[in-house]
Amino acid sequence: MSADFEIERPLRGAAFGATVRLNKPLAKELPQGLPAILAEAGGLLLIPGVREISDDPALLVRLSRQFGPEVEDYRFTLTNADSIHATVPEILLVSNMAPVNKMPPARPDPAFGADGRLPVQYPHRTGWHTDQSYRRPPPDISLFYAVTPAARDSGQTLFANGALAYDALPADLKARVETLEGLHAQPGTGRSRSAARSGKTPRAFAPHERSQRQPVVRTHPVTGRRSLYLCESGQMDWFEGPFVGLEPGPEGEGAALVDVLMAHLTRPEFVYAHEWTQGDLLVWDNRCLVHAATWFDGEREQRLMWRTTVHGNPGAAYAGEAKSWIPRELVQDGA
Ligand SMILES: [Fe+2]
């Protein structure tokens, strides 16, 4: 119990996460101690009822700064200007409305599992990723706020806990991934599994676009826990990867290992499915969780979410590295 908030653990229907109910408006006083609660809760916080952010978006940035030293300013990270908030450039707009026009993922086929529930496990469910893993160093934490969520029972965000999944890995798989590195690619750059299956030659990357190696097993810099760190079809490089040193390509030895690991990582007992309510804020730790968006009716609904991204504590494996995603000429210009 804290004067600033009340905590309920875990999140409903999940083995991890926490709900944090604030006792004071953010505009009056920012709550103290949330990063420690995030770490203790396995990397996922739900902060409901913070609708004041809709009227004062800078509050989201101020809250984000509590989680790390650097909140991404999207003006300087080659982000499409249509996806950047007009007055607060640390906020990325995620919406199916113009001018962002980001449509939701397709429904899984079949749309529901044999138990009538939302399917979560790969490969029935696809789209699992951790934010910006195609960058080195990758980001620490994302905050995602529901200005206007999709209707209930659609547009959920799913989270799978990489630490629980790592702990439960069979010993032979643990040994196999111990020092393995994945090769992560930016979505939309032509490196997806379906692009590789089509047989097309991908376009050449500029240096700052190159796919990036990431350890399959990450050690969390705050908790010391080990987690599986992996994406699937849209965010791995299926031409040169998906793993460094394993047979590449969409049907090779590496592909078979992604399928095994991702099916394990997204087992229902490691997953939380969030049904959004207006004014909900989720805070998640990209270093130990993967997540996936689900379908909503993008033709009839108008969904608007705000995202911030916090960088600065990726762990010892990235010590001293320059940002892979910033073109050298921009670094020299001081941007
Ligand atoms: Fe994401």
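With the largest listed first and rounded to whole Å, the semi-axes of the equivalent ellipsoid of region 95-157 from the Cα gyration tensor are 24, 18, 12. Scanning the chain for GluC sites (Glu not before Pro) that sit in a DSSP loop and have at most 11 other Cβ atoms within 10 Å, the longest stretch containing none of them is 1-177.
Expressed as a whole percent, the proportion of Cα-Cα pairs in region 5-318 lying more than 29 Å apart is 33%. Pairs of alpha-carbon atoms within less than 8 angstrom and 6+ residues apart define the contacts here; what relative contact order does the chain have, in percent? Reported as a whole number, the value is 30 percent.
What's the center-to-center distance, using Cα atoms, between region 228-307 and region 313-327 in Å? What the calculation gives is 22 Å, centre to centre. From the alpha carbon centroid of region 13-36 to that of region 173-219 is 35 Å.
Remark: the chain carries a charge dipole of roughly 160 debye about the Cα centre, counting +1 on each Lys and Arg Cβ and -1 on each Asp and Glu Cβ.
Shown here for region 239-314: trypsin sites (Lys or Arg not before Pro) in loop regions (DSSP other than H, G, I, E, B) with at most 16 other Cβ atoms within 10 Å, namely Arg300.
Bear in mind that the values in this text are calculations on the coordinates, not laboratory data. The shown structure was predicted, so the numbers you read here are calculated from the model rather than taken from an experiment. When we count neighbours, we look across all protein chains shown, and the Cβ atoms used for this are built from the backbone with ideal geometry, even at glycine.
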